[in-house]
Every structure is written in structure tokens, then in C-alpha cells.
Amino acid sequence: MTEAWIVVHDLDGGNALARSARALAERVVAVSVGAGGLADADLTLTVDAAPGALVEAYAQPVAALLAARGATVVAFAGDVRSRLLAGQVAAHLGVGPTNVAGVVSTAPLVVTRLAYGGLAVATDEITAPVAVLVLEPGAVTPSDVAGQGAVEPVDATPTAGLTLVETRPKGGEQVDLTAAKRVVGVGRGFAAEADLDLARAVANRLGAELACSRPISEGVGWMPAERYLGVSGATIKPDVYLAIGISGQIQHLVGVNHAKVIVAINKDKNAPIFQQADFGVVGDLYQVLPALVDAL
Amino acid sequence: MRIVACVKAAPEDSDIAVKPDRTLDLSRAQWKVGSYDLNAVEAARQVADQVGGEVIGLSVGSEGWSGSKLRKDVLSRGLDSLVVVPGDPDADSFQTASALAAAVGELGGCDLVLLGAGSSDRYAQQVGNQLGALLGRPTLNQVDAITVDGDHVRVERLLEDGVQVVDVPLPAVLSLTSGINTPRIAGMKDILAAGKKPVSEVAAAMPGASARVASLLAPEQVDRGRVVVEGDPAETAQQLAQFLTTL
Ligand SMILES: Cc1cc2nc3c(=O)[nH]c(=O)nc-3n(C[C@H](O)[C@H](O)[C@H](O)COP(=O)(O)OP(=O)(O)OC[C@H]3O[C@@H](n4cnc5c(N)ncnc54)[C@H](O)[C@@H]3O)c2cc1C
Ligand SMILES: Nc1ncnc2c1ncn2[C@@H]1O[C@H](COP(=O)(O)O)[C@@H](O)[C@H]1O
């Protein structure tokens, strides 16, 4: 029977990954760092994480465990902690991880990943003795086959070094932009945070969710990270995407080019976004948006 | 303090042409350092300016560095010197991290290695994670703030559900967020000074690749209407509203 391994650090994300990993093999075995057994895996090796330890401190013992058990396919989720774990575990195993956008076949293992900011898709045949995969959202269709849920505790000693001083939880809304039928995206064309109200007014009229380009989120922090679109952010498939003050770099477009219709407002008539738009307005958003709210 | 900032020269994506058979034409692409790598240069400069020390730029892949323009560009943004490691610039993250690890050893070690959020061509977000493991040093990704405090740094790390404050003993390897700073624009004086900064080469072996690239193709393009209107804002807004309501 073919076997896929997963390495997880939280229960919900872990079970979701277990269901996804069934696309890779018949049997799913998990290594769970501090998150206990997974109902959706067939077997979970549970590592009791020391209180206050970072899950990443277990990369080396987890790699040793995977090697000892002969794992040949190891999948990780795409969150920040899992990514670091993936890279470190892979390095200890002497291989490079692959960010998987899609799975073409499992024997041989052939996967796709984005390249050049999403300008191209690379199809990779994994040739390393151990395939370490980071499954990006939507890479595979999760299975609804139930796992056997067996649990086996294992011992592991964390690597010393990092000291967690405190964790400041981020109160955040849960957003699922992937389900939105209409999305309004804002970019650096907005000069101040308060001006986003202009876009909010349009979004309200259209019944649309508000999203943004990456610099609006990670650069100036006007919107939470869940709301930025693109190669490293969310990918959406709405009926309409309205890009306001967004230049249309490939890294952004890749997150929105599955929209049925793309509409753009930009004051620069040479902005690349117009090449990808069904309908474009060349104009200053500070003049166009109030007029648009009136017209809708 | 000796700080290494890792930068990659990659073909500028806006110069890459897609051929009718969807393969890429990189022949006219300028080589550029990815915008997120510049966050590593800026952060390194800021730390060095605070506590004293030098900033060495380290790059695997010599193809993009042959012209002096790019060298001057990154050197003018805060590096004291640049070390280029010949090798495949399109190598995978383990290959690149292995070469970087060997090069750091050749340079006689350092106190802090800083990397960007992701390279502009591969965007694996992994070279730093792998490099840290290979060097056997404390390693973190998504670092959004750095404060040096004697023999360790205190960092803020941005997660999906919160911010971790972590004490990291030196030497360490940190990958940054793209929002940690705004890379400086070099002035005339910096650009002139950059021409005099040392650029050297260090050889480092690279292991084999973890995957074979079977194909590299642009996705199928969606045909878009590309109607563009221009002129009086009230009028164009009206036309846009009309378009939206017919959907
Ligand atoms: C490795 C990597 C990964 C990346 N991942 C992502 C990603 O996932 N998502 C993402 O979005 N970006 C990503 N980026 C960044 C991306 O390359 C662009 O820098 C970014 O998308 C630009 O955001 P923007 O369009 O808001 O800003 P800009 O490019 O600065 O564009 C602003 C636009 O606003 C217009 N404008 C200005 N004033 C007005 C006005 N008054 N009225 C109307 N229009 C106006 C300007 O003409 C311009 O076109 C990534 C970059 C790298 C290197
Ligand atoms: N060839 C390279 N030479 C030097 N640094 C690199 C190279 N490739 C990647 N890096 C660094 O590692 C970071 C992450 O790259 P990646 O894992 O490819 O997304 C980049 O932002 C750079 O700081």
C-alpha cells in the first residue's frame, strides 16, 4: 500500500492536510507536533511539545523519525510555521521542498509550481529520494474517506536556541474571499488609509468583498493579510473583479485572472492592468469613485 | 557585527516575453535583484548602523552580475561588499542553500544572515529555512522586526493568527517579511561610492537537484474585452456603472 506522511502542528490544519494527502497515497501517516492524534489520518505519531517551545524546534528529530520509518513522500501545509518546518526537515533529509500548486501524477510523482511570479507554471518530476511537498491552498481536492485514527506516542527532544517570549494573538475576522461573487481590490493608488472608504462605498453598492494588493497589506498594513490577492496571497474566482489603483503586476494578476470579468480603474492609461481588463476606466480614482457610487 | 545579506539576481519578470507556444523568452530580460531581497539589504544596513559592523552581500549565480550596473545598484543600497558564488541561478532551494552555507564558511562565518521573503523567480520562501538548518543555527521566517540585544536579537514574527516575540541567540539566520522596512533609494553619492566597493568570487559546490523540470509554460491566456474609456469622470463612471449592471 502506498503511504504519504504529513507533519502538522495544529488539529484543524492537520486534519485538513490529512484529507488532502489522500490524493497522494492510500494510507496517510501523520507526525503531530503538540497537536495530538488526527481523526483523518490512519496513524498519528504524536510528539508532546514542551510548553513554550516553538514547533520548529522539532525539525531535526522529526526528520530523523521520517528517515527511520522510511518515509518517501512528506507533505506540509502552507502556513508560516509549516513552511519553516518543511524547509528545515527537508534540509536535514538532504533535499529541497517543492511548493505544490497541483498534482499531475503520483507514480512517478509529478507536480506543478508557479514560477516567475506566476508568469509561468513549471511541471516538476520529483527525483529526490524523499519528496517534501508544501501543498498550497487548492493544490489537491481533499478526500472524504475517513482515517483510521490510530495514535502512537513518540519521544523527541527539541533543539535548543529559540526562546518564545510572548505570543500576541491577532484578533481577526475570518474571510473567505474564494467564495465571493464580487470583489473590489484596492492598491497603492490610494494615498491614505481613510480613502479606502471610497472603495468601501463602491463595494457596498455592488455587494462585493474588499480585497487588496500585497503592499496595501504587508507594506502599509491597511488591510489584513487574508485580504491580499496574488501569487503569495489569496486566489479568487469571482464573477467580477474590480481593480482600483492597482497597476496589474503579474504577481497580483495571477490571483485574480480566473475572474469571469475584470474591471479596472487607473489614472495611468499604460498600466498593465488594462491589458487584462474587460472594461477599463482611465481616470483619477478620487473623481471616478464618488461618481461611480452615484451612478450605481 | 558581521552581517550577510543574501540577494539573488533573476530575470526581471516584466521583460520576459511569452512565445506563441507558451514557452518563455528570457533573452531580452534584464537581470534584477528581487524587491524582497532588498529588504534584507536594508535591514542588514540598519542593524550594522545601530551596533556597528559590516554588511556583505552574498549571491549564488554569476550570470546576472556580469554587468556593473546591477552590482552598483545593490552596493549603493547599503552593502559594504558583494560576494558572488558561481552556479546555476535557477537552482532549487536546497542547492542554493548548500552553496550559500559553504560560502558563509569560506567567508569565515558571520553573526547574522538575513534573507528576503522570497526570490522573484522561484519564490519558494525556503532558502533561508534550509540555510539555517544546514548551518545548524537558530532560524526563523516571517521576521517583521529586529532588535539587537547583546548576544541575541529579539524579533517579531508575523503568523497567520498572531505575532510571536522570540529571542534568537546569535549567530542566526532570519528570513524577513516584505513589510519590515522600505528599502532606501540610493543617492548620487551612494552610487559613486558603490563603484569603489569590493566585489569578489567564492567557489562553492552544489548538490544535485531535487526535481527534474519537465516543462515551463505560461498559463493559457483568458481573452479579455479590453474596452478602455477615458475622459470626464462622471461620464466614464456612468459607462462603467452601465457595464457592471449588464453583467
Ligand atoms: C516574490 C514576489 C511576490 C509578490 N506577491 C504578490 C502578491 O501575491 N500580490 C500582490 O498584489 N503583489 C505581490 N507582489 C508585489 C507586486 O510585484 C507589485 O509590487 C504589487 O502588486 C503592486 O501593488 P499595486 O498595484 O497596489 O501598486 P503599484 O504598482 O504602485 O500601482 C499603483 C497604481 O495606482 C495607480 N494610481 C496612482 N494614483 C492613482 C489615482 N489617484 N487614481 C487611479 N489610479 C492611481 C498608478 O497608476 C499605479 O498603476 C509580489 C512581489 C514579489 C517580488
Ligand atoms: N541564488 C541566491 N543567492 C543568494 N540569495 C538567494 C538566492 N536565492 C534565494 N536567495 C535568498 O533567499 C530568499 C528566499 O528565496 P526563495 O526561497 O527562492 O524564495 C531570497 O529573498 C534571497 O534573500
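Throughout, read-outs are computed from the coordinates displayed, never taken from laboratory work. All figures in this text were calculated on a predicted structure; none of them were measured in a lab. No Cβ is skipped: glycine too gets one built from the backbone with ideal geometry, and neighbour counts run over all protein chains shown.
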Would you list, by chain and number, the lysines whose Cα falls below 22 Å from the Cα of B:K69, excluding same-chain residues fewer than 8 positions away?
B:K8, B:K32, B:K189, B:K196, B:K197
Within segment A:3-153: Cβ-based charge dipole about Cα centre, in debye rounded to nearest 20 (Lys, Arg +1; Asp, Glu -1):
240 debye
Going Cα to Cα from A:K267, which aspartates and glutamates come in below 18 Å? Please leave out same-chain ones fewer than 8 positions away.
A:D195, A:D278, A:D284, B:E230, B:D232, B:E235
Relative contact order computed over chain B (Cα-Cα under 8 Å; 6+ residues apart), in percent:
23 percent
Positive-end residue, the protein assembly as shown charge dipole about Cα centroid, Cβ charges, pick of A:H9, A:L206, B:G208:
B:G208
Cα pair count fraction exceeding 16 Å, expressed as % - segment A:177-295
54 percent
Placing +1 on each Lys and Arg Cβ and -1 on each Asp and Glu Cβ in chain A, then taking the dipole about the Cα centre, the residue among A:L65, A:G138, A:P153 whose Cα reaches farthest towards the positive end is A:G138
For segment B:60-100 and segment A:1-59, what is the centre-to-centre distance using only Cα atoms, to the nearest Å?
37 Å
Peptide A:108-118: average number of partner chain Cβ atoms within 10 Å per residue?
5
May I ask you to list the trypsin sites (Lys or Arg not before Pro) in segment B:1-104 that are in a DSSP loop and have at most 16 other Cβ atoms within 10 Å of their Cβ?
B:R22, B:R28
Filtering trypsin sites (Lys or Arg not before Pro) in segment B:113-204 by DSSP loop and by at most 14 other Cβ atoms within 10 Å leaves B:K196
Segment A:262-296 and segment B:108-134: distance between their alpha carbon centers, rounded to Å:
39 Å
Taking the Cβ of each residue in B:C110, A:C212, B:C6 as the centre, tally the other Cβ atoms inside 10 Å and list the residues starting with the fewest.
B:C110, B:C6, A:C212
Toy charge model, Lys and Arg Cβ at +1, Asp and Glu Cβ at -1: chain A dipole around Cα centroid in debye, rounded to 20, equals 620 debye
CD proxy, 222 nm, the protein assembly as shown: helix-only mean residue ellipticity via -39,500 (n - 2.57) per DSSP H run with n ≥ 4, per residue, nearest 500, stands at -7000 deg cm²/dmol
Computed over chain A: longest principal axis from alpha-carbon atoms vs helix A:196-206 long axis, angle to nearest 10 degrees, is 90 degrees
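Jot down the per residue volume, in cubic angstrom and as a whole number, of the convex hull over the alpha-carbon atoms of segment A:3-153.
Given the Cα convex hull of segment A:3-153, per-residue volume reads 101 Å³.
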